[in-house]
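First comes the structure, then the notes that go with it.
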Amino acid sequence: MRIHRLYTDAKGESHFEDLEIEYVETTRSGRLSKRLPATGIIFREVPPTYDLDWHPAPRRQYIINLDNGVQITASDGESRVIGAGEVLLVEDTSGKGHLSKAINERLRHCIFVTLD
């Protein structure tokens, strides 16, 4: 499984990278990763008009899109559409941050799994 990661470098610029989730156990019901720590879960509904200017992430968290995607632009200029069913790990809690924009003119439901 591949997930997106958004992080800040030492100069305060945000960048994307791809992370491969390693599976460490195989059971009759499927393969499992190691257990990762988390501090909470937040459910969010985002309007189809969502278009947020430059901002850092409020905390380290996974964002899991349930039924629609979002366009995220890092401060280095790279833009990605994080689709429904995809996972984004945001760690750009300092620096310029990123842009976030709704796509498909549809409501989006997502889950934040907080890490801090």
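The values are calculated or read from the model by the stated rules, or taken from the named source; none is laboratory data. Small disclaimer: the values here were computed from a predicted structure and weren't measured. Positions of Cβ are backbone-derived with ideal geometry, glycine not excepted, and every protein chain shown enters the neighbour counts. Only protein heavy atoms, including side chains, enter the accessible area calculation; ligands, DNA and RNA are left aside. Shrake-Rupley method; radii C 1.70, N 1.55, O 1.52, S 1.80 Å.
Give, rounded to the nearest 20 debye, the magnitude of the charge dipole that segment 33-101 has about its Cα centre when Lys and Arg contribute +1 at Cβ and Asp and Glu contribute -1 at Cβ.
340 debye
Rg/Rh for the chain to two decimals, with Rh computed the Kirkwood way over all alpha-carbon pairs.
Working: Rg = 14.6 Å, Rh = 14.9 Å.
Looking at the chain, the ratio lands at 0.98.
How large, in percent, is the carbon and sulfur part of the accessible surface of the chain at a probe radius of 1.4 Å? Working shown, then result.
Values: 3560 of 7020 Å².
Percent of accessible area from carbon and sulfur atoms in the chain: 51.
For residue 11 and residue 26, calculate 0.36 nm times their separation in residues minus their Cα-Cα distance, and state this gained length in nm to one decimal. Spell out each step's value before the answer.
Details: separation 15, 0.36 × 15 = 5.40 nm, distance 4.08 nm.
Length gained, residue 11 through residue 26: 1.3 nm.
By how many nm would the segment from residue 42 to residue 18 grow when fully extended, if each residue of separation counts as 0.36 nm and the alpha-carbon distance is taken off?
On the way: separation 24, 0.36 × 24 = 8.64 nm, distance 2.36 nm.
Separation in residues times 0.36 nm, less the Cα-Cα distance, equals 6.3 nm.
Which value, in Å² and to the nearest 10, is the accessible area of residue 49 when all protein chains are kept and the probe is 1.4 Å?
Residue 49 has an accessible surface of roughly 120 Å² with all protein chains in place.
Can you work out the Karplus-derived ³J(HN,Hα) for every residue in segment 93-109? Use 6.51 cos²θ - 1.76 cosθ + 1.60 with θ = phi - 60°, whole Hz, and x for glycine or proline.
Once rounded to whole Hz, the list reads 7, 9, x, 5, x, 8, 9, 10, 9, 5, 10, 6, 6, 10, 4, 10, 10.
Mind checking the full-extension length gain between residue 116 and residue 94? Use 0.36 nm per residue of separation minus the Cα-Cα distance, one decimal, nm.
Values: separation 22, 0.36 × 22 = 7.92 nm, distance 1.41 nm.
My answer for the length gained is 6.5 nm.
Solvent-accessible area per residue for the chain at a 1.4 Å probe radius, Å²? Don't skip to the answer; put the middle values down first.
Working: 7020 Å² over 116 residues.
Value for the chain: 60 Å² per residue.
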